[in-house]
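Asks: Before I ask anything, here is the structure I am working with.
The values are calculated or read from the model by the stated rules, or taken from the named source; none is laboratory data. Computed from a prediction, not measured in an experiment: that's the story for all the values here. Quick reminder, even Gly has a Cβ in these numbers, built from the backbone with ideal geometry, and neighbours come from all protein chains shown. For the accessible areas, the whole protein counts, side chains as well, though only heavy atoms, and no ligand, DNA or RNA atoms are used. Shrake-Rupley method; radii C 1.70, N 1.55, O 1.52, S 1.80 Å.
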Amino acid sequence: MPQVFDEYNAKFEKKFEELKNLLTPEEYESARASTPNAHYTSIEVINSIYSALQRLGFDAGRILEPAAGVGNFVGLMPRDILNESRVTLVELDSVSGRIAKRLYPMEDVRVQGYETVKIPDNYFDLAVSNVPFGNFPVHDPAYAKLVLPRSIHNYFFAKTVDKIRPGGLMAFITSRYTLDGEDTRLRQYLSDRADLVGALRLPNTAFKKNAGTEVVTDIILLQRREDWQKPKDPSWIETTDRTLKGEPYSLNNYFVQHPDMMLGKPSMEGTMYRANEFTLKPTGDLPQQLAEAVSKLASGIYKTGVPAE
């Protein structure tokens, strides 16, 4: 509800005053700054991610959630996985982070920016999150030297893939531009370290009910490789130019090869950044579509590593 931070919006005046009185100045600024990214994830989407991870073979381990919010990914984690795992949650917003601490006192909840978190490389068995998205950089000297597009979602992908052990998995929700964007540098960085084991493209209404936004998003599943292993199929680094009703757009080669993993009907009626933009309109029952897509993923490719401590 970004409107609740707008002191000039008469419709939300009472809510604005209430919020202003409830929070300290620091808490208020932290909450206000998080509104572009605080799109909490629906139950059906989170459940489908865990179904996908279980199909891939994941059963427990060291788990990282680098943009945790109030901890929905932990709250919906299958009990048999959670009971045998050690989860590290990172959340920038102090209010959301303290809620997560109250909800999950047995887990390692760190209320700080991801760029300030000290966690070892090659450590986690799984990273799962709905990462922040936006065209603004994150100041982290360790990654400033990388020649990557300066956007927050690219940073979360790049840092997290380095924190996963070889054989470990990443399951991130992100905008379609992570895969469809013309700039291939992030995809190249990821492909140098991990294989794309699958992707599911969600219709533009998947986040409308709980986040109030219509945007095409992808669930991206990656598996970290050993340094000596070669990429299995790096074709997903590139996109293919296409047209629909006379309008051009770029489509990642993975979806060119697997159009059935786009869970909707392609259309040029999107308005996220401009008129006549590529979007994916809903065509059916999303939970059923998600289940069918998950069933097409590879099975049993994850091998249990070092047990969680």
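Asks: If packing is taken as the mean number of other Cβ atoms within 10 Å per residue, what is the order of 172-185, 152-165, highest first? Kindly include the intermediate steps, with their values, before the conclusion.
Replies: Working: 172-185: 18.8, 152-165: 22.0.
Ranked from most to least packed, the peptides come out as 152-165, 172-185.
Asks: Turning to a different aspect of this structure: What is the mean projected area of the alpha carbon convex hull for the stretch 121-202, to one decimal in square nanometres? All intermediate terms of the calculation are to be shown ahead of the outcome.
Replies: Values: hull surface 21.0 nm².
If you wrap the Cα atoms of the stretch 121-202 in a convex hull and average its projections, you get 5.3 nm².
Asks: If you average the alpha carbon positions of the stretch 11-29 and of the stretch 118-191, how far apart do those two centres end up, in angstrom?
Replies: That distance is 33 Å.
Asks: Would you mind putting 95-107, 123-135 in packing order, based on average other-beta-carbon counts within 10 Å, highest first?
Replies: 123-135, 95-107
Asks: Using the Cα centre of the chain as the reference point, and only Cβ charges (+1 on K/R, -1 on D/E), how large is the resulting charge dipole? Debye, rounded to the nearest 20.
Replies: Its charge dipole is roughly 260 debye.
Asks: Could you tell me the relative contact order of the chain? Use alpha-carbon pairs under 8 Å, at least six residues apart, and round to a whole percent. Don't jump to the answer; show the numbers that get you there.
Replies: Working: 588 pairs, mean separation 55.4, N = 309.
Taking the mean separation of contacting Cα pairs over the length of the chain, I get 18 percent.
Asks: Another question, if that's okay. Once you order the gyration tensor axes a ≥ b ≥ c over the Cα atoms, which shape class does the stretch 210-265 get: rounded for a/c under 1.5, otherwise prolate or oblate by comparing a/b with b/c? Kindly include the intermediate steps, with their values, before the conclusion.
Replies: On the way: a/c = 2.78, a/b = 1.47, b/c = 1.89.
It is oblate, given that a/c is not under 1.5 and a/b is not larger than b/c.
Asks: Going through the DSSP H helices of the chain, which span 15 Å or more along their own axis at the Cα atoms while scoring at least 0.5 as a mean Kyte-Doolittle hydropathy?
Replies: On the way: long enough: 43-56 (20 Å, 0.66); 152-163 (17 Å, -0.33).
Span-like helices here: 43-56.
Asks: Ordered by packing density, taken as the mean number of other Cβ atoms within 10 Å over each peptide's residues, highest first, how do 194-200, 232-238, 261-267 rank?
Replies: Numbers: 194-200: 21.9, 232-238: 16.0, 261-267: 19.0.
Packing order, densest peptide first, comes out as 194-200, 261-267, 232-238.
Asks: So if the hydrodynamic radius of the chain is defined as the Kirkwood radius over C-alpha pairs, what does Stokes-Einstein give as its diffusion coefficient at 4 °C and 1.567 mPa s, in µm² per second? Intermediate results must be reported in sequence, preceding the final value.
Replies: Details: Rh = 20.2 Å.
After rounding, the answer is 64 µm²/s.
Asks: When the helices in the chain are scored as -39500 (n - 2.57) per DSSP H run of 4 or longer and the sum is shared across all residues, what 222 nm value do you end up with, to the nearest 500 deg cm²/dmol?
Replies: Working: 13 runs with 96 residues, N = 309.
Using -39500 (n - 2.57) per qualifying helix, the result is -8000 deg cm²/dmol.
Asks: Work out the charge dipole of the chain with +1 on the Cβ of Lys and Arg and -1 on the Cβ of Asp and Glu about the Cα centre, then indicate which of G97, G168, M77 is farthest towards its positive end.
Replies: Of the candidates, G168 comes out farthest on the positive side.
Asks: Taking a probe of 1.4 Å, how large is the accessible area per residue of the stretch 142-262, in Å²?
Replies: Values: 5160 Å² over 121 residues.
Dividing the accessible area of the stretch 142-262 by its residue count gives 43 Å².
Asks: Would you mind checking the pairs K118/K163; K230/K303; K159/K303; K145/K230; K101/K303 and listing those with alpha carbons more than 20 angstrom apart? Numbers along the way, then the final one.
Replies: Numbers: K118/K163 11 Å; K230/K303 18 Å; K159/K303 22 Å; K145/K230 24 Å; K101/K303 30 Å.
Checking Cα-Cα distances, K159/K303; K145/K230; K101/K303 exceed 20 Å.
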